[in-house]
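Comments concern the structure below.
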Amino acid sequence: MRQDMQDLSHALQTRGFGNEDIVALRRHTAAVRKGASTARELRDMEHTIIFASVAELYKKHPDKKGAWFQTEVKTLRDMKLVMRYALYSIILNDPEYAKQKMYWWFRTILNAFEFGKEFIEDAYRIAQTRTIKHMSKDEGEAVSQMIDEAITTFNFEPVAK
Amino acid sequence: MHESLEKMIDRARQRHFSDEELTLVSRSASRMEHGCDVVEKIRTSERELLTRSVSKALQKFPNVEAENPAARDLITAVLTMGLRQAALAMALDDSAKYSKILVGLQRPIWDAQFEPEFVQNAVENLRDESMATLGKALGRQFDQVLKPMARFLTINAYLAVTKDAVLGEATEDILSLNPDLESKFADARRKIHEDLEKYLIYAAQGVLPDGQERIFRMLRTYHEAAARSRYGSALMLEATEALMDAARKYINPGPTVEFFSDLQRIVNFITLSADVVEKKDAMLEKVTETLYRRHPDKLKSAENIKELTKRDMWVVLENCIYGTHAGGRERMLEVMSEFNLTLFRFQFGPRLIIDAYQLLLQTCRAELHGGALASLEPVLHKAIHFVAISADLAEKQPAMLEGLAEELAKKYDAFYGRRETAKIYVIRDQEQVLHNLSIGLLPGSKHLTVGRFSVFGEYLAHARFDEKMMHESTELLEAACMTNLSAQSLSHLIPRMRLTRRYLDLCSSLAPREEKILKETAEAILAKYTTFVEKYPDGVAKVSRDLATMLHTAAVSIIPDGEMALHRGLEAFYDNIIETRMDKGMLDFAYRALIKAVTTHLPSPHKDWLLPILETCTTFIHAAADVAENRETILTQSVDAAFAKHPDMEARFPGARRKAEEDFDLLLRRCTLALVPNGEENLADGMWIFCQSLFASGYGPKFITEAHAELRKVFGKYSDRPTNTAVGAIMDRVVATSAAFAELAEKEDIILHEATNVLYSKHPQIAERHRNAKAKTQRDMAQVLRHAALLGVPGAEKRFITLMRTLTEVITKGKFGAAFIHDAYEMLRGAADAHLPKHAKKQLARPLEVTRDYLSLVAGLGDHEDEILTESLDKLFAKRGTQMAKYMDVKEQTRHDERMILRSAALSLVPGGEREHARLLELMGVVVQRNQFDKPMLVDAYTALTDSCTARLKHGPVKQLVSTVQKSVQTFA
């Protein structure tokens, strides 16, 4: 549950509902309703977005292709997961969900494989561009914002160099 | 209560959602919008609403405030907290926080020691006042969220004033049965008291939205500590029995029905856990000893192999214990999925694994007590099938799929449109299909597997793969399985795989035609219903999307357990139709047009699979729209008529009118949904809960019978002919069943008393041999009476069969003997016949006869099963030993199969048992096909078996059993 809604639940132990609570709840509801159409569109376009993104990524960085066993297949898998958690966050209207459930620990995995900050950012910027290109304006915008969250989370200084 | 979106997402485990699941997101958003409306209204009327509710209660119970001057403030504070959190929970469509805060109210209610009727009255007033403030439509929805709070507070108020007496008596009872306990442990009294109190606390939380998960967390902690427990399983059995007895004695069961169900589930789990934990070491030692005596070559396969085997078996056994509780199934699924990886990694080989777990099952059967076994065996059975299939796949799958992928990749080099990675994806998809099929055998797995298969099918349809190629890929998979896997694995895998293949074929066939089907249908609708175009500027797209969802959801109902998705989808559709009062004519036209387009464009056999489902959906949608047209009138008129005849009811029972309206509304919904698959079971489950509360409600048979008859009459008046025929027929059965239940509620005690008095005067030795024999017999007989009455509604057979299976275990373990059991259930039938009025007698007569026959037959089987099986196998091997020697472990396997057939044939004599038996015959058919058994040999085997049965069994319909077994052999041979 979103932190602000948890806070509201606590606050209600000492006070009643206020106008601003209703505005926040209605805004949250509208966002959840929109999530269904984003989910449908992303499900239908995911294949196109991800495959095109990964092809572009390794065309740009051919040296990385052989870095690990089946790097390309694994990138496809990982990028799909990042997109799916982005979608879950959109449905719940809670950006923290994706971060808590996947992005933070995935950051550690990426760190361990030493792909480098630039390569990772590039990968998800490409995915972001493709998302905007292949999805309708509103839906693409919502996914793109979550990809931004992912990029910010992954954008780290490795602990050990 | 429905699942929250967060829970749905957690369960999806990194996959997309199917079309049907996405409709749940929209439904959730609708509920949230209504929740926001509730918050808005509550905000302005909270103070008056609460003041009125509390004042009314204090007026009715004036002594409360006299005894406790802070009563008004305290109850107002509790209700304020509950009301606000309920409104927030509805606006967020998430009850996680709501439950947590309600749990915090448990202690203040206990400490306040209010008269429980006062608390009950106050919360019922709050529900009435909320309904009045919010209006009927919104009020009913909010009441669904308020209800758990009302139930929770009421249960705790009753518990507050009785728990000391319950705990005191139960503790005394245990200590008197175990006089040396306190000398062994100085704190025994306190510890027992604390433990029992914990069970009461959690049983009272079961009614909360996340109540089952809460209970399971406590049970798991109990189970994990059980190995260090100072008490043996016998003492735990006594303790839990004493707790149940004392609770029944002191707590009013009427307002606390759910509490008793949850306490019973807690008791079942604890006695099972204590029994297994106590015998675990001996059982696992016995299993591993026998296992490695049979497989000495495997002893050196790993260091400490015996210990490793024991550890693995304990993982399975422990998770099966968890799986017996609804809250523990998810945990069981998770662990078993991981265990599957262990089997793949370590490659023990299927022969060893199958033997190990068959031995484990046999050992559990021999060592555990009847009640424990009755809970464990159904879950353990399923887990063993899963483990055996996984071990088989672990050995054969890699080579099998590699070959298959090579063949497909070569033939269709553009497979999945990605040449370089084609093989990897073929293998991944087929692995997923096999894994889903096998994990689908576990209890509670259907949400997981149906969701996965739905998305896979919809993905295939979207990706537009070649139909022929897709058909061939699953055909090759089935053929590869048939060649490589063992008969046991195939018997469970193949029937499920064939249904799944059918679904995937249907998806591939729909893919190139779907657009045309949807476009044609949408255009026809929009041409006739032009206002739709005005309402929705993107009319064709919206209608097409809704119809596509219906097509996909109808298609997914073909796969094993897929009917769950169709039922859930139509449930959401029902709510939508009711809420928006969708036009009946338009819906009829739309779904007829869809059926026409499918008939025109989809080839056979695909359309032959889909059309009957669409026809059913169309009948349902018509009925739902018809109900929506007059729902308010039906509810108001029938409730008014019922209360006009019984004007004292409202004064005697708080909230009676609102509850009647709520019950009738639920009944309309369930009877309409009973038209679609899974709906009948749902109706029976709902009726079971309703009837349980009826038993303790004190409403009396006259009111119940007349009120339901009114509902039926008014429903007939306001529904059109097709709806009155389809839904009315179901409602007729519901009305008759509730009337029988209401009679039973009045007469049950005297029936049980009379039956057991006569029984134990004839068989006094049984009462001497078993502790509390008479009380336990009465408990079992009450279950039989209630389940027999429930058989009046469609879909109740499943519950009846579960009860029969449980009683089979209890009777077999208790060695009561066929003569005693026959007498017991004949006396029960006689007493019911003597005391019930004609209509109830008619409803119960046949089920009670069947129960008597079945139970005396299985009691006889329990007495002689070993002799029957040994004798028949000896005969068979004397005649065909050489021929049979070519099959591995044939004697043991034949013994296992014959036992299964015998029990299943006996069960086929009870309602619903034929379907279960037919399913077993289908499995046996696959075994026979795989092993290529010849018919004369099978006929010889089962002739020897039936001869032994005829010679040894003296009670029950032995001839019928023999004839069923003989016919069964003809079917699978």
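Do the conditions hold for B:S95, that is, is it among the hydroxyl-bearing types (S, T, Y) and at pLDDT 95 or above? It is false that B:S95 is among the hydroxyl-bearing types (S, T, Y) and at pLDDT 95 or above. Screening A:G18 against (1) surrounded by fewer than 15 Cβ atoms within 10 Å (Cβ to Cβ); (2) more than 8 Å from every other protein chain (Cβ to nearest Cβ); (3) at pLDDT 90 or above leaves a single unmet condition, (2).
Residues in the stretch B:155-171 that are among the polar types (S, T, N, Q) and under 15 Å from B:Q113 (Cα atoms): B:N156, B:T162. Inside the stretch A:34-58, residues that are among the charged types (D, E, K, R), surrounded by 17 or more Cβ atoms within 10 Å (Cβ to Cβ) and facing another protein chain (nearest Cβ under 10 Å) make up a count of 4. Is it true that some residue in the stretch A:65-83 is away from every other protein chain (no Cβ under 12 Å), among the aliphatic types (A, V, I, L, M), within 30 Å of B:D94 (Cβ to Cβ) and part of a helix (DSSP H, G or I)? Within the stretch A:65-83 (the criterion being away from every other protein chain (no Cβ under 12 Å), among the aliphatic types (A, V, I, L, M), within 30 Å of B:D94 (Cβ to Cβ) and part of a helix (DSSP H, G or I)), the answer is yes, since at least one residue qualifies.
Comparison of B:D466, B:D505 shows that the only residue that is over 26 Å from the mean Cα position of the chain (by Cα) and surrounded by fewer than 17 Cβ atoms within 10 Å (Cβ to Cβ) is B:D466.
Residue-by-condition table, conditions (1) more than 14 Å from chain A (Cβ to nearest Cβ); (2) free of Cβ contacts under 8 Å to residues at least 40 places away in the same chain; (3) more than 25 Å from B:L610 (Cβ to Cβ):
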position	(1), (2), (3)
B:V426	no, no, yes
B:V433	yes, no, no
B:I439	yes, no, yes
B:E458	no, no, no
B:H462	no, no, no
B:F465	no, no, no
B:A479	yes, yes, yes
B:S508	yes, no, no
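Filtered by the rule that a residue be assigned to a helix (DSSP H, G or I), of a type outside the set (A, V, I, L, M, F, W, C), without any contact (Cβ under 8 Å) to a residue 60 or more places away in the chain and under 24 Å from B:V335 (Cα atoms), the stretch B:290-320 gives B:K306, B:E307, B:T309, B:K310, B:R311, B:D312. Among the residues making up the stretch B:5-17, a single one is more than 9 Å from every other protein chain (Cβ to nearest Cβ) and not in a helix (DSSP H, G or I): B:R13. One residue stands out among those in the stretch B:536-578 that are assigned to a loop (DSSP other than H, G, I, E, B) and over 25 Å from the mean Cα position of the chain (by Cα): the one that is farthest from B:V676 (Cα to Cα), which is B:P537. Considering A:A86, A:A127, the condition of being out of contact with any Phe, Trp or Tyr (no Cβ under 8 Å at 6 or more places or on another chain), crowded, with 18+ Cβ neighbours inside 10 Å, within 14 Å of chain B (Cβ to nearest Cβ) and at pLDDT 95 or above is satisfied by A:A86 alone. Return yes or no: is B:D889 over 22 Å from B:E809 (Cβ atoms), at pLDDT below 90 and of a type outside the set (A, V, I, L, M)? Judged against the criteria, B:D889 is a match. If the condition is being in a helix (DSSP H, G or I), of a type in the set (A, V, I, L, M, F, W, C) and at pLDDT below 90, then the stretch B:178-194 contributes B:L181, B:A188.
Is it true that B:L611 is in contact with a Gly (Cβ under 9 Å, 6 or more places away or on another chain) and part of a helix (DSSP H, G or I)? Let's see the steps before the verdict.
Numbers: in contact with a Gly (Cβ under 9 Å, 6 or more places away or on another chain): no; part of a helix (DSSP H, G or I): yes.
Criteria not met by B:L611.
Answer yes or no as to whether B:E20 is facing chain A (nearest Cβ under 9 Å) and among the charged types (D, E, K, R). The answer is no for B:E20. Of all the numbered requirements in (1) within 18 Å of A:F119 (Cα to Cα); (2) surrounded by fewer than 16 Cβ atoms within 10 Å (Cβ to Cβ), A:H61 misses one, and that requirement is (2). Within the stretch A:2-14, can one find any residue that is assigned to a helix (DSSP H, G or I), more than 10 Å from chain B (Cβ to nearest Cβ) and either touching a residue at least 40 places away in the same chain (Cβ under 8 Å) or in contact with a Ser or Thr (Cβ under 9 Å, 6 or more places away or on another chain) (or both)? The answer is yes, given that some residue of the stretch A:2-14 is assigned to a helix (DSSP H, G or I), more than 10 Å from chain B (Cβ to nearest Cβ) and either touching a residue at least 40 places away in the same chain (Cβ under 8 Å) or in contact with a Ser or Thr (Cβ under 9 Å, 6 or more places away or on another chain) (or both). In this structure, A:E121 does not qualify as on the phi > 0 side of the Ramachandran plot and in contact (Cβ under 8 Å) with a residue 12 or more places away in the chain. Looking at B:D874, B:D863, just one residue is under 21 Å from B:C949 (Cβ atoms) and buried (at least 20 other Cβ atoms within 10 Å of the Cβ), and that residue is B:D863. In the stretch B:22-43, the residues that are more than 19 Å from B:A86 (Cβ to Cβ) and among the basic types (K, R) never reach a residue that is in a helix (DSSP H, G or I) and modelled with pLDDT of 95 or more with C-beta atoms less than 6 angstrom apart, at least six apart or across chains. Scanning the stretch A:48-64 for residues that are in a loop (DSSP other than H, G, I, E, B) and basic (K, R) yields a count of 0.
For B:T943, the test of being in a helix (DSSP H, G or I), modelled with pLDDT of 85 or more, more than 30 Å from B:G795 (Cα to Cα) and out of contact with any helix residue (DSSP H, G or I) (no Cβ under 7 Å at 6 or more places or on another chain) is passed.
Using the structure shown, decide if B:G349 is small (G, A, S), under 34 Å from the mean Cα position of the chain (by Cα) and buried (at least 19 other Cβ atoms within 10 Å of the Cβ). Show your work before the answer.
Details: small (G, A, S): yes; under 34 Å from the mean Cα position of the chain (by Cα): yes; buried (at least 19 other Cβ atoms within 10 Å of the Cβ): no.
No; evaluated as a whole, the condition is false for this residue.
Listed here are the helices (runs of 4 or more DSSP H) enclosed by the stretch B:696-792 that have at least 1 residues being of a type in the set (S, T, Y) and surrounded by fewer than 20 Cβ atoms within 10 Å (Cβ to Cβ): B:701-718, B:721-762.
For a quick check of your reading: which helices (runs of 4 or more DSSP H) sit entirely within the stretch B:33-145 and have at least 1 residues that are closer than 27 Å to B:E213 by Cβ and away from chain A (no Cβ under 14 Å)? Reasoning before the result, please.
Numbers: elements: B:62-67, B:71-92, B:96-104, B:106-112, B:116-134.
Helices (runs of 4 or more DSSP H) meeting the threshold: B:106-112, B:116-134.
Comparison of B:D720, B:D608 shows that the only residue that is of a type outside the set (K, R) and touching a helix residue (DSSP H, G or I) at 6+ places or on another chain (Cβ under 6 Å) is B:D720. For the stretch B:691-715, the candidate set comprises residues that are among the aromatic types (F, W, Y) and within 29 Å of the chain's Cα centre (by Cα); within that set, the residue that is farthest from B:A740 (Cα to Cα) is B:Y699.
Regarding the stretch B:265-275, can at least one residue be identified that is polar (S, T, N, Q) and in contact with a Phe, Trp or Tyr (Cβ under 8 Å, 6 or more places away or on another chain)? The answer is yes, given that some residue of the stretch B:265-275 is polar (S, T, N, Q) and in contact with a Phe, Trp or Tyr (Cβ under 8 Å, 6 or more places away or on another chain).
The values are calculated or read from the model by the stated rules, or taken from the named source; none is laboratory data. Quick caveat: nothing in here was measured; it's all calculated off a predicted structure. Note that we place each Cβ from the backbone using ideal geometry, even for glycine, and neighbour counts take in every protein chain shown.
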